[in-house]
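**Student:** One structure, pasted below without further comment.
The values are calculated or read from the model by the stated rules, or taken from the named source; none is laboratory data. Keep in mind that this is a model prediction, so the values were computed, not measured. Ideal geometry is used to build each Cβ from the backbone, glycine not excepted, and the neighbour counts take in all protein chains shown. Please note that ligands, DNA and RNA were not included when accessible areas were found on the heavy atoms of the full protein model with its side chains. Shrake-Rupley method; radii C 1.70, N 1.55, O 1.52, S 1.80 Å.
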Amino acid sequence: MKEYKIKINGNLYNVHINDIDEHTATVEVNGTPYRVQLERESKKDTAKKLKTAIPKAPANNPAITVAAPSEKVSKPEVQSAGTSIKAPLPGVILQIAVKPGDPVKSGQKLLVLEAMKMENNILADREGKIGVIKVSQGQSVLDGDDLITIE
C-alpha cells in the first residue's frame, strides 16, 4: 500500500493506494474508499494515469475526475430517519460534544471542526435527539460529509 499527501487548490488530501490491477485501482481519499479506472495516456505511451477521486476538482483539468465509491471496499452505511448535519468545509474533527441519545436544542454546539487553522463550532440546526455520530475525533472530513444525525 502506498500513501501520498496531495494538495489540490490549497486542500490537503491523504491518499492511500491499496490495490491496482490492469484497469482499476482501489484507493482511499481521507478515509473514504473509491474504485477508480486507469486510463492510458496515448497509444504510443503505455504508462497509465490514475483518474483521482478528489471532490471539487477544477473543471479545466480533465485528468482529475470524481469516481463513485467502490461497492467492494465501501463502509457499511447506517440508515437513519433523522436530519444529517454535514461538514461545511474540509477539515479535522477536534472535539465531539455530544453522545448518541443526547437531547439537543437549536444552536447547541455538536462538535468542533478545524479547517484552515481555525476552529469552527458545528451547531445543531434544530431541536431533537442525537441519532448517529458518523465521525470520530481526529478524523479528516471533506466538504459535505455527513457528521451527525438529529432525530
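**Student:** In nanometres, what is the gap between the two model label sites at residue 86 and residue 6, each 7 Å from Cα along Cα-to-Cβ?
**Tutor:** Roughly 2.2 nm, to one decimal.
**Student:** Given the whole protein assembly as supplied and a 1.4 Å probe, what does the accessible area of residue 146 come to in Å², nearest 10?
**Tutor:** 60 Å²
**Student:** If you don't mind, another one. Do any of 99/134; 86/134; 5/86; 5/117 go past 20 Å between their Cα atoms, and which?
**Tutor:** 5/86
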